[in-house]
Each structure stands twice: as structure tokens, then as C-alpha cells.
1. Given 311, 307, which one is in contact with a helix residue (DSSP H, G or I) (Cβ under 6 Å, 6 or more places away or on another chain) and either under 15 Å from residue 54 (Cα atoms) or surrounded by fewer than 21 Cβ atoms within 10 Å (Cβ to Cβ) (or both)?
2. Mind listing whichever residues of the stretch 307-345 are in contact with a strand residue (DSSP E or B) (Cβ under 9 Å, 6 or more places away or on another chain), under 30 Å from residue 288 (Cα atoms) and outside the structural domain of residue 452 (by TED's automatic domain parsing)?
3. Quick one: in the stretch 559-578, of everything that is in contact with a strand residue (DSSP E or B) (Cβ under 6 Å, 6 or more places away or on another chain) and over 13 Å from residue 513 (Cα atoms), which residue is surrounded by the fewest Cβ atoms within 10 Å (Cβ to Cβ)?
4. Being in contact (Cβ under 8 Å) with a residue 60 or more places away in the chain and part of a helix (DSSP H, G or I) is the filter; apply it to the stretch 78-123 and report the residue that is nearest to the chain's Cα centre (by Cα).
5. Would you be able to tell me the number of residues in the stretch 134-150 that are in contact with a strand residue (DSSP E or B) (Cβ under 8 Å, 6 or more places away or on another chain), over 10 Å from residue 123 (Cα atoms) and at pLDDT below 95?
6. Which one is surrounded by the fewest Cβ atoms within 10 Å (Cβ to Cβ), of the residues in the stretch 370-407 that are out of contact with any strand residue (DSSP E or B) (no Cβ under 6 Å at 6 or more places or on another chain) and outside any helix (DSSP H, G or I)?
7. Among the residues of the stretch 409-422, is there at least one that is part of a loop (DSSP other than H, G, I, E, B) and free of Cβ contacts under 8 Å to residues at least 12 places away in the same chain?
8. What is the residue count in the stretch 585-616 for residues that are crowded, with 20+ Cβ neighbours inside 10 Å and either touching a helix residue (DSSP H, G or I) at 6+ places or on another chain (Cβ under 8 Å) or in a helix (DSSP H, G or I) (or both)?
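The values are calculated or read from the model by the stated rules, or taken from the named source; none is laboratory data. From a predicted model like this one, the values you see are computed outputs, not experimental measurements. Cβ: placed from backbone, ideal geometry, glycine included. Neighbour counts: every protein chain shown.
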């Protein structure tokens, strides 16, 4: 008689409280099952795989030791939160990750009480955790606050601002430094080198030095002569200085994949800590899945893939990706101008600058997760006589806005901003949408703001930016592939502030800014079949506006409609201001502006997100018809 197969431990976990009854041996088994479940789920949905695999044991240990959600567990960025979601009652929905009406790819307060703080941008966790701790001390929500932050995220100044404040307040707070020697790309900078030296065999003076501060928190076995304890004490004697000077008790470094280390350290720290405590944990991004471990980015972001081989499913497209077009255009300009340099904030692959770095390694700078520094560093490069291209996602450029204003625009420095991921981006959802850059940049005096309608236009805008030395200039482009147009070998210079007429029409004119032009042209074809062919204009520039072209269109058409992939306050608002200033509305012009709605749109496919936003071809057609006062009659199939 054969024994019945045992029920997987993971099947018994509906909430972290269920883990309290498990032995340490069972927790190790649970971690193995959790890793397999994470791999299986992401193979179906795609998403951020490597970061989650690197914290499987840490996730199990934290939920086993602490009392979540009473204790607030805050994951920095949230790339690594998939195992956390599986253990906190969301396993039945884990295969809806990053899909419409499914689970977010990041932590999200509205999704679960186990997500006390939403995150999708890095380096916010310590600040948030300190806020929870201070609120607790003043009679707010009880419980501990635990921030889990990667070494890559520690390159951002905000993390150290929070640690400096925590050391001053001296309140009980836990920071888990998840040191995997990776962020999205391999980390850069002095801090990364410092952390590496903590466990690279650096000489140490005396074990007695470890007795101060954090050693008293260690369980008795770790204070004896075991080999692992000695290694940990070495790190404490040498490496804790930086954090201790900031007012933290320092423990580590310890092996983040060894529950025999993690569990007793966390239990003792929870029982004995009084002030801010940093636990330095060494992990391996992509741990336990060979294809992720072997990948350059350790499986940071993947599409759907085959679990056995790791081979990702690739979408078929004959059009190049905008990011690659930007990189190729920039390389073409840099071949001719040795003053061109490029700057990225920890996103060389995402911005295409990895290709530029391969060709011009000395002229490409990855400054780490530090967008504020990236902008001002670029300003310094420009002031020093170089031609910097500062390539940052729209959503991340928001973090450097004061530097754009103060360090670039006021000083009229010719920094070229290459703004990737403009508009709605799909599976990453609202946190990564490039909705606001047109509005917040176009308000600045002296800046030039462009948007590419297609990949050929992007090439022209790269060339135009390279040649522009009169002040800051920005050009925006979306995620994904272009439209498949003919591509030039090198971009040609555009006349600053001049748009182009794509097609002439009658009663209505549509002013398109950005890649909605493809949908505008579909709408125009449909309108032409109704006998209402509109004029279609690619505005190219939100600042400066093509005053002559816009005013001519306004005075020779009954209706004028602007279309843009951005929030209110951008291109359409500037057009409306121009028309009002020139008294055009007094002539009876019918004006409408199609912008992203005043909501944050959750993850879905990009096409679906633009449908929700009311900005696909059918809705553009309907807007033109309603503006002209023509009844909208549905077409027969």
C-alpha cells in the first residue's frame, strides 16, 4: 500500500498567520514551493521575475517572524512582491498579474491590507516605514514597520535622507538591506563598492569591535564560534560603520537564502531591538531558476516564457521599437560629434543606452537610481561644453522636476531630454504612465518640447536635439514598436516650432501631438467615407507652438480638435491659450481638446487603456462628429 502524496504546504497557507504553526524545516519546504509557484505564475503573465526569486526565503522569514498586517511590511519599488502576494491571500489571482482587472505588478494599498504602502518607484520604503513608526509612537496604527530595500535603491539620496532622520528620531524601525548586487542593471557607484567590500574578505581589526551595538541583538548560537557567526561578525566589525554613524544598529551581512540564519536573526532582532536597526542580507537575483540566473539582468523583466527552457514568447512585428530607434539615432549623431554624451539613471537597457555604451563606453554615464542627480549632472556636462542627452522615462523624470527647473531651464543650459515611455504603458499601470511630462515641461520658459508621431520622426528629433544649443530641448516617444514607416539612415533637422500638414480637408482640422497620429489617420479615413474628410496636422511641437499653422487652421475650419497622449495642461491647453489670446473664439470656432482623463488608469493592454481614455480612432471620429453637430450613427458591420 503506497502512501498518499502529501498536500503541498503552500496549499495550507491562506494568510501569513497560517505560517506560525510551521516548523523551521517546514518553512524551508514552503520556500521551495513558493519559488516554484512564482516561476509558474510569471511564465503565464510575464513580469518582474528575478527580484521576486531573490527574496523568496526572506519573504517567508519576514512573514513567519513578524505579525503582518499589524506589522507594516513595506517593499521598496515592489518588483519583488510576487511571493509576498502569494502568501497574503492572493495566490488564486496571481496569474492575473499586470492584466486588466487583475493584480498589480507592484504593492497597492487598495488591493490588500498586507500592502500598507503602494510603491512602483524606488527608494521610498524607508521614508514610508519611518512615517508608520512615528505615527505608531504618537498613537496611530500599532505594530512594527519593516522596510525592505535593495542595494540599487540605496543609490538614491531619498533613502539616506530617511536614514538620517531615523537615526535622529531613534524610534524602533527595521530596514532590511537586500544586497543582491543588482538593481535593474548592475549597480554603479561608491556605495555599491562599499557594500561589496563588507563581504569580500576585507581585513578586520578585532572581534571586540563587533560587541558594540548590534552584536547584542544576535541569538546565542551566533555569538559563539560557528563559522557562519564568525563571517557575520567580520562584516559587523568592518562594514557597519556607515550605517552605525547614521544611528542604526547594524546586523550582517547574512545569507538571505539560508533560513537557518534569517529566522533566528529576525526573531532576536524583533525581540530586542529598541531603535532603528538595519539587517544586511545577501541575496542573488533570479535565485533558483537557471535561465534567470544566467540572464544579464537576472530575469528582471520577462515576457511570457516556457518554464523548462526559459525561452520567452516574442510578439511578431516588422516595425522597430522606439527605444532602439532612439539609440540608433543617437549613435548616428555621436559618430559625427564627439561632444555628444549620454546619461541614464540605472536604466541603460530600458532606454537603449546600453547600445550607445557599447559603442562609446567613455561617453555614457549610468548614475544609478538618482534622477535628480542625473538631471543636474547633465546640466554640469552642458555647462562644461558637452552635448548631454539625458534619457529618462517620463514617469521617472517627475522625480527630477525641480532640477529641470532650477538647474537647467533657468540657466538655459542645452540639456537634451529623451523621454521614453511617454503616454500609457500597459502592464505597469498608472505608476509608470507617462502622462504629465508635456504639461510640466511646456510651462517652463525657453524650453523646446517635441513629440514623435512615428519612428522616422523620432530620428529627426534626435538630430534636431543634437543640433540645438540655445537652451533645453525635450522629445517624447512611447513604449513599444513604431508604425513600420520608411526609416532614414540619419535624421534631418526640423525647424523649431513648425508642424506639418499630413492631409488637407474641409470642415474640421485635427491637431495631433505624438503617436496618436496613427489613430487620427484611421479616424480621418472613416470621416472621409462620411463625406467629412478633416485636415490632419502633426503638430510636432508643444512649445514653441506653430502659431501660424494653428491660427490658419482655426480661421479656415469650423472646428479644431487637438489630440495628445498626456494629461490636461499640455499641448491642447497651450493651443487654447493661443486661440483665446488671438480672439479666435470670438469668431465662433468650435474647439475641443482630447487629453487623458482626470483619473489614474490601471494596468491593461495599451490599446485597451487608450480605449478607456477615450482616445482610439472610433472615439476621435465621434469627437469630430459631435463637435460639428453631426449625429453619430453606428456603422453597419
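1. On the way: 311 fails: in contact with a helix residue (DSSP H, G or I) (Cβ under 6 Å, 6 or more places away or on another chain).
Of the residues listed, the single one that is in contact with a helix residue (DSSP H, G or I) (Cβ under 6 Å, 6 or more places away or on another chain) and either under 15 Å from residue 54 (Cα atoms) or surrounded by fewer than 21 Cβ atoms within 10 Å (Cβ to Cβ) (or both) is 307.
2. If the condition is that a residue be in contact with a strand residue (DSSP E or B) (Cβ under 9 Å, 6 or more places away or on another chain), under 30 Å from residue 288 (Cα atoms) and outside the structural domain of residue 452 (by TED's automatic domain parsing), then 310, 311, 312, 313, 315 are the ones that fit.
3. 559
4. 86
5. Counting residues in the stretch 134-150 that are in contact with a strand residue (DSSP E or B) (Cβ under 8 Å, 6 or more places away or on another chain), over 10 Å from residue 123 (Cα atoms) and at pLDDT below 95 gives 1.
6. Only one residue fits best here, namely 385.
7. yes
8. 7
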